[in-house]
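Worksheet: one structure, shown below.
The values are calculated or read from the model by the stated rules, or taken from the named source; none is laboratory data. In this text, all values refer to a predicted model and were calculated from it rather than measured experimentally. Heads up, the Cβs are rebuilt from the backbone with ideal geometry, glycines too, and the neighbour counts pull from every protein chain shown. Each accessible area value is taken on the protein alone, full model and side chains, heavy atoms only, with ligands, DNA and RNA left out. Shrake-Rupley method; radii C 1.70, N 1.55, O 1.52, S 1.80 Å.
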Amino acid sequence: MPDALSITASSVDPALLSLPWSLPLGEWPSSDIVSLPKGLSRHLVRFSSVSGRVVAVKETTEQMARREYDMLGNLARLDAPCVDRFAVIAGRTDAAGEPLPAALVTAHLKFSLPYRALFTQVLRPETATRLVDALAALLVRLHNVGFFWGDVSLSNTLFRRDAGAFAAYLVDAETGELHEAGLTRGQREHDLDVARTNIAGEIMDLEAGGRLEGGVDAVAIADGIMESYRSLWAALTDAETFGASESWRITERVRRLNDLGFDIGEMSIEQAPDGNRVSIQPKVVDAGHHQRRLIRLTGLDVEENQARRLLNDMDEFRVRISRLGDDEDMVAHEWLTRVFEPVVKAIPWDLRAKLEPAEVFHQVLEHRWYMSQALEKSAPLAEVISSYIDTVLRHRRDEATVMGPPTETMAIPVITSPIPLDDDEDAGVDWRDLV
Ligand SMILES: Nc1ncnc2c1ncn2[C@@H]1O[C@H](COP(=O)(O)OP(=O)(O)O)[C@@H](O)[C@H]1O
Ligand SMILES: [Mg+2]
């Protein structure tokens, strides 16, 4: 007598039971499958929909599924950027009673894309560098909370747009280990080494498929992760020594860390026995300094660079327009209702799945800048928005989750945007990566 189907989840959605668990994932009918771009993987991963939400289903052993489920729970507790766990399904059997693999179910990360779907034809060096920088920043954050990844790669990472850069999320925690007391240098170096090797391989793969811009050096791009990681790690963790009279250096260090997006949990300060020298050693709690400030002021939950961009616009608004002076909370409310919301609401319903609102806002600001340059005067916001919608947004593919008709049959528009947005190379999906 086979075991009954068992579902482990922090809150079980009964709709999970309606998925065809008695069929191998590879044989699920297309009516249960959502076509979305997907990275390369060892296991079979497919997307499905549960109560209107898209989930990723990965077939693996029960032990592996439970381990990864627990790890994702720990990472969420530590506020590390990763996909949200949803459930573990075990005890599956087919119609003949034969056992089927267990499944790990995670929530599809909205507006995220695997690296291969971030560009249409060829990967340009600037995009590759931004991807590698985002991965380096993710690795620093994971290492900072004591997570050893073991299998760092572009394929095990999801990317979201973040005001011209990318924000990276861990998607595959299968090989990870958590050492909350902190990682050794050897463990961190091991991850970096794996990252470099994997990224070089992944970019060479693109090269072999004719998807890397000519003349780009795959190995040099992969090597970029070392420097990017090391300089960020040093900025966060290095001890600094200065003369006792230069105590402003403490404030300065805090400000630099804030500028990098990090907050400080504690700072240990030690005075030399002669009293002339002071050493400081910051302990960084987490990235998201601007994110947290923006949430506090406006309730908007966005990526770090987007938050920085929005806060800058808010500051500019305070200086140029608002008569509320220095009351930050009131200025923030006024900016939200007079600037941010009108832009977001001006986007027609049928175009809202194209890009996340904060990214739309960032692009509208860029568009305003280009238009004002061309006009040699400040372009009115209403004109900027309608020009942006017609010349840029309308031609993008959707980046929220694409539901409904199989995506393979959708037409891919070819765009030449008159406005040189810095990520204008990404107007289509490589349909070879679809399920
Ligand atoms: N929650 C998720 N949201 C979006 N994409 C996902 C999610 N889970 C998996 N994927 C996609 O599936 C791919 C493979 O998943 P992964 O966990 O790396 O499988 P494997 O352990 O077999 O390598 C990822 O590269 C990613 O594109
Ligand atoms: Mg993987």
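Among the candidates 160, 141, 116, which residue alone is within 12 Å of ligand 1 (Cβ to nearest atom) and in a helix (DSSP H, G or I)?
Within the list 160, 141, 116, the selection yields 116.
Just give me the residues in the range 201-231 being closer than 15 Å to residue 131 by Cα and within 21 Å of the chain's Cα centre (by Cα), in sequence order.
Selection gives 202, 203, 221, 222, 224, 225, 226, 227, 228, 229.
Among the residues of the range 173-228 satisfying the criterion of being among the hydroxyl-bearing types (Ser, Thr, Tyr) and touching a residue at least 24 places away in the same chain (Cβ under 8 Å), which is surrounded by the most Cβ atoms within 10 Å (Cβ to Cβ)? So that I can check it myself, show each step before the final result.
Here is the first cut: in the range 173-228, the ones among the hydroxyl-bearing types (Ser, Thr, Tyr) are 175, 184, 197, 228.
Next cut, touching a residue at least 24 places away in the same chain (Cβ under 8 Å) only: 175, 197, 228.
Working: 175: 16, 197: 13, 228: 19.
Result: 228.
Restrict the check to the range 253-273 and report whether at least one residue is within 20 Å of the chain's Cα centre (by Cα) and part of a helix (DSSP H, G or I). Break it down into steps so the answer makes sense when it comes.
Step one: of the range 253-273, the residues within 20 Å of the chain's Cα centre (by Cα) are 258-263.
Those still in the list that are part of a helix (DSSP H, G or I) too: 258-259.
Yes - at least one qualifying residue is present in the range 253-273.
Show me the strands (runs of 3 or more DSSP E) found entirely inside the range 1-75 where at least 2 residues are within 16 Å of ligand 2 (Cβ to nearest atom) and open to solvent by less than 40 Å² (accessible area, probe 1.4 Å).
On the way: elements: 6-8, 45-50, 53-60.
Here the list reads 45-50, 53-60.
Under the condition of being touching a helix residue (DSSP H, G or I) at 6+ places or on another chain (Cβ under 7 Å) and within 11 Å of ligand 1 (Cβ to nearest atom), which residue from the range 16-38 is farthest from residue 103 (Cα to Cα)? So that I can check it myself, show each step before the final result.
We begin by selecting, within the range 16-38, every residue touching a helix residue (DSSP H, G or I) at 6+ places or on another chain (Cβ under 7 Å); these are 19-20, 35, 37-38.
Filter again for within 11 Å of ligand 1 (Cβ to nearest atom), leaving 37-38.
Numbers: 37: 20, 38: 17 Å.
By that ranking, first place goes to 37.
I need the full set of residues from the range 99-124 which are modelled with pLDDT of 90 or more and farther than 26 Å from residue 88 by Cβ, in order please.
115, 123, 124
Restricting attention to the range 136-167, report how many residues are within 14 Å of ligand 2 (Cβ to nearest atom) and either aliphatic (A, V, I, L, M) or open to solvent by less than 10 Å² (accessible area, probe 1.4 Å) (or both). Explain how you work it out, then say what you get.
Of the residues in the range 136-167, the ones within 14 Å of ligand 2 (Cβ to nearest atom) are 149-158.
From what's left, either aliphatic (A, V, I, L, M) or open to solvent by less than 10 Å² (accessible area, probe 1.4 Å) (or both): 149, 152-154, 157-158.
Residues flagged as within 14 Å of ligand 2 (Cβ to nearest atom) and either aliphatic (A, V, I, L, M) or open to solvent by less than 10 Å² (accessible area, probe 1.4 Å) (or both) within the range 136-167 amount to 6.
Can you tell me which residue in the range 92-110 is farthest from ligand 2 (Cβ to nearest atom), limited to those that are open to solvent by 20 Å² or more (accessible area, probe 1.4 Å) and touching a Phe, Trp or Tyr at 6+ places or on another chain (Cβ under 8 Å)? Spell out how you get there, then give the answer.
Going through the range 92-110, the residues open to solvent by 20 Å² or more (accessible area, probe 1.4 Å) turn out to be 93-101, 107-110.
Filter once more, keeping what is touching a Phe, Trp or Tyr at 6+ places or on another chain (Cβ under 8 Å): 100, 107-109.
Values: 100: 21, 107: 17, 108: 15, 109: 14 Å.
Filtering the range 92-110 for residues that are open to solvent by 20 Å² or more (accessible area, probe 1.4 Å) and touching a Phe, Trp or Tyr at 6+ places or on another chain (Cβ under 8 Å), the one farthest from ligand 2 (Cβ to nearest atom) comes out as 100.
Every residue, every condition in (1) in contact with a Ser or Thr (Cβ under 7 Å, 6 or more places away or on another chain); (2) within 7 Å of ligand 1 (Cβ to nearest atom); (3) modelled with pLDDT of 95 or more; (4) closer than 20 Å to residue 138 by Cβ, yes or no:
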{"site": "54", "(1), (2), (3), (4)": "yes, no, no, no"}
{"site": "64", "(1), (2), (3), (4)": "no, no, yes, no"}
{"site": "82", "(1), (2), (3), (4)": "no, no, yes, yes"}
{"site": "87", "(1), (2), (3), (4)": "yes, no, yes, no"}
